[in-house]
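Reviewing the structure listed below.
The values are calculated or read from the model by the stated rules, or taken from the named source; none is laboratory data. Being a predicted model, the structure only gives us computed values, none of them experimental. FYI the Cβ positions are ideal-geometry reconstructions off the backbone, even for glycines, and counts take in every protein chain you see. To get the accessible areas, we keep the full protein, side chains included, count just its heavy atoms, and leave off ligands, DNA and RNA. Shrake-Rupley method; radii C 1.70, N 1.55, O 1.52, S 1.80 Å.
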Amino acid sequence: MAIPTKEELGFDPKALRDKYRTERDKRLREDANEQYTEIKGEFGSFIEDPYVAENVDREPFTDEVEVAIIGGGFGGLIAGARLREHGFENIRIIEKGGDFGGTWYWNRYPGAACDTEAYIYLPLLEELDYVPSQKYAHAPEILSHSKNIAAKYDLYENACLQTEVTGMQWDELESRWVIQTNRQDRFKARFVVMSNGPLHRPKLPGIEGINSFKGHTFHTSRWDYEYTGGDSNGALERLRDKKVAIIGTGATAVQCTPHVGEAAKQLYVFQRTPSSIDIRANRKTDPEWAESLKPGWQKERMDNFNILCSGGVVEEDLVKDGWTEIIRNLISMANYRGEDTNWDEVPELMEIADFQKMEQIRARASDLVEDPQTAESLKPYYRQFCKRPCFHDSYLQTFNRDSVELVDTNGLGVERITEKGVVAGGKEYEVDCIIFATGFEVGTSYVRRSGYDVTGLDGITLSDKWAEGMRTLHGVMTSGFPNLFIISNSQAGFTTNFPHAMDETSQHIGYILNECRKDNLSSIDVEKEAEDKWVEEIIGVSRFASDFQESCTPGYYNNEGKPNPKSAQNGPYGKGSRPYFRITAAWREEGNMAGIKKNK
Ligand code: NDP
């Protein structure tokens, strides 16, 4: 089939390509990821926990546990649950928050919700006999489900909440990990599972004068309800007499802006790059449908979504939402064109499908925003997956309020912060409060993000070992660091629905630990050759497309416009999550823990 003409398309692909390039170029900056300020020292108050009344006082732990899990977010919770199912009793979860939930513990800003369908996103629904109340659950329901998982699997027992790991060393003589924390704990663990989470260290823009502001300020992941009033449903009554600035227009700002806009006397939203805002269409769960669900339904639904998002074909799209639509469109345009597929045309056809989708998104801004100039400013000019797609049914309309102003910084961002407010485009906007919706660290070193280093065999640290890129077997273990397991996307399966991959990895770890117990092994470690082979495979099959990344507007997906040369190695398994899950399942099926050294 021929490539459609611009007359058939109703837009000119060349003109759009040029526009995308111009918009990207405006935003490129030499300091890329270095533009952000690490939150520590004088900025430390930005990450204090506003959700606990006080630090619980407890004696330091100096004991020994069988399994220590670092992180009480979804990864840690699922790992804990799967290990309990294998009969592991002596488990300790270490979590810096005052409760379980991870992302959902910290992100309580008004309007916080998950964009992935709750029926596939919330882990262990059948195990807990629970069906979420809406298609897209709001944060309080997700936090409450996290606590219910912890309670059901007795994970509160023995847990260290409000505790951060500060270091960990392998004691070779005893074959144990020795873990230290900021609560002066120093305890041993036979096995350690690290589930630090991908986006958990808030970041601030390195804007001049950021500390000179005399008004109130906080980061969205530490929402100050004392100051704003209200709760995660909104009704922020204490903002009624306040002028507020929100800096940032990513997925978080998109969700909280309508609530702040509804309450504040005046809201300025400072935009550097607009997000793409597609239809949300949330709806309550139909009780009859919930009643009709048959055992195994959640796994079936998760698989169905994952097949579609991986470019596969299913008889029925069970989730039927923005994600499956976007991906189906892109892939069907390219792949399923029958025998006449001309593979040379595929990239251009996919680009056209992308243009078409983004034209719809841009038209939506014009349809919903009354002021044509504001509508124009809210239109994203980049390819759909350069940034995270957002879905919302009232964000764009918020700019129709007289009390809400979009400050379009034309790609340059906020210039300066003064004692009184925010400067952009040479103009000072006086405000009472600045809310930083500026996201989380990505692309900084693993150790900086996790907050601790790990010392393995022969005194080698993980930061040294991974200085030139990650090295693992299946993304789950790394040689020289015995009995240590990792839950992350890197060198493992990536899914749009993160908890799906976390569950697969948790089941894999459960299998390995069970084998160790069956064979009474004191420790296991990865054989170097097996690790080298996996790293080679990861690089060989990587789908990291540096051309695509370079053509994208800067953001955390492309290391702020400077794609990392190690992205192929540090990225996920390039053939996709389904082949990855098949590889790990076949490895378990083989039954001999191939590539693992076993020490009695
Ligand atoms: P993001 O990193 O996506 O957004 C940060 C925002 O801050 C961007 O708009 C960025 O602009 C802006 N910014 C940074 N520096 C400046 C500056 N100097 N001046 C003006 N603006 C600036 O963080 P979020 O917290 O929004 O989202 C992080 C991730 O968390 C999401 O991508 C998603 O994965 C997840 N999430 C999911 C949600 C869901 O399911 N609905 C909801 C919220 C978050 P620019 O784009 O130009 O860099």
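Table for the structure above
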read-out	value
Rg and Dmax [Cα atoms of segment 353-407; Å; Rg one decimal, Dmax integer]	11.5, 37
Share of Cα-Cα pairs in segment 415-489 lying beyond 21 Å, as whole percent	49
Cα centroid separation - segment 553-567 against segment 268-329, whole Å	27
Förster radius 45 Å - calculated FRET efficiency between Trp289 and Asn599 (Cβ-Cβ, nearest 0.05)	0.30
Bridge type composition, the chain - antiparallel percent by DSSP, nearest 5	45
Pairwise label distance in nanometres, Asp231 with Glu359, each label 7 Å out on the Cα-Cβ vector	4.6
Rg and Dmax [Cα atoms of segment 179-253; Å; Rg one decimal, Dmax integer]	18.3, 56
Crossing angle, helix 13-27 versus the chain [Cα axis fit, 0-90 degrees, rounded to tens]	70
Net charge contributed by nearby residues that have their C-beta within less than 15 Å of Asp317 (K/R +1, D/E -1)	-3
Å³ per residue enclosed by the Cα convex hull of segment 82-179	123
Helix 528-540 vs. the chain, principal-axis angle (Cα, 0 to 90°, nearest 10)	20
Rounded Å value of the spacing that divides the Cα centres of segment 117-145 and segment 353-405	29
Accessible area per residue in Å² at 1.4 Å probe, computed on the chain	43
Trypsin sites (Lys or Arg not before Pro) restricted to DSSP loop in segment 241-288 with at most 12 other C-beta within 10 Å	Lys265, Arg283
Calculated log₁₀ intensity ratio I(q)/I(0) where the Debye formula runs over C-alpha points of the chain, q = 0.05 Å⁻¹	-0.22
Chain lengthening between Ser546 and Arg448 when straightened (0.36 nm per residue, less Cα-Cα)	32.8 nm
Rg/Rg_ref, segment 178-327, where Rg_ref = 2.2 N^0.38 Å and atoms are Cα	1.48
Listed residue (Val313, Asn400, Trp297) projecting farthest to the positive dipole end of segment 267-402, Cβ model	Asn400
FRET efficiency, Glu8 to Arg388 (Cβ-Cβ, R0 30 Å, nearest 0.05)	0.50
Rounded to the nearest 20 debye, dipole of the chain from Cβ charges on Lys, Arg, Asp, Glu	480
MRE, 222 nm, helices only [DSSP H, n ≥ 4, -39500 (n - 2.57), over the chain, to nearest 500]	-10000 deg cm²/dmol
Positive-end residue of Thr166, Ile142, Pro4, charge dipole of the chain with Cβ unit charges	Thr166
Where no second cysteine Cβ lies under 4.7 Å, the cysteines concerned in the chain	Cys114, Cys160, Cys256, Cys309, Cys390, Cys433, Cys516
Accessible surface of the chain, 1.4 Å probe, proportion on carbon and sulfur as whole %	48
Angle in degrees between helix 498-518 and the longest Cα principal axis of the chain, rounded to the nearest 10	0
9 Å beta-carbon shell around Ile3, net charge (K/R +1, D/E -1)	-2
Longest exposed-site-free window of the chain, the sites being GluC sites (Glu not before Pro) in a DSSP loop that have at most 11 other C-beta atoms within 10 Å	55-314
For segment 102-247, alpha-carbon Rg relative to the globular expectation (2.2 N^0.38 Å, N residues)	1.35
Counted charge near His200, where neighbours are those whose Cβ lies closer than 13 Å (Asp, Glu -1; Lys, Arg +1)	+2
Neighbour-limited loop hits for trypsin sites (Lys or Arg not before Pro), segment 34-85 (at most 14 other Cβ within 10 Å; DSSP other than H, G, I, E, B)	Lys40, Arg58
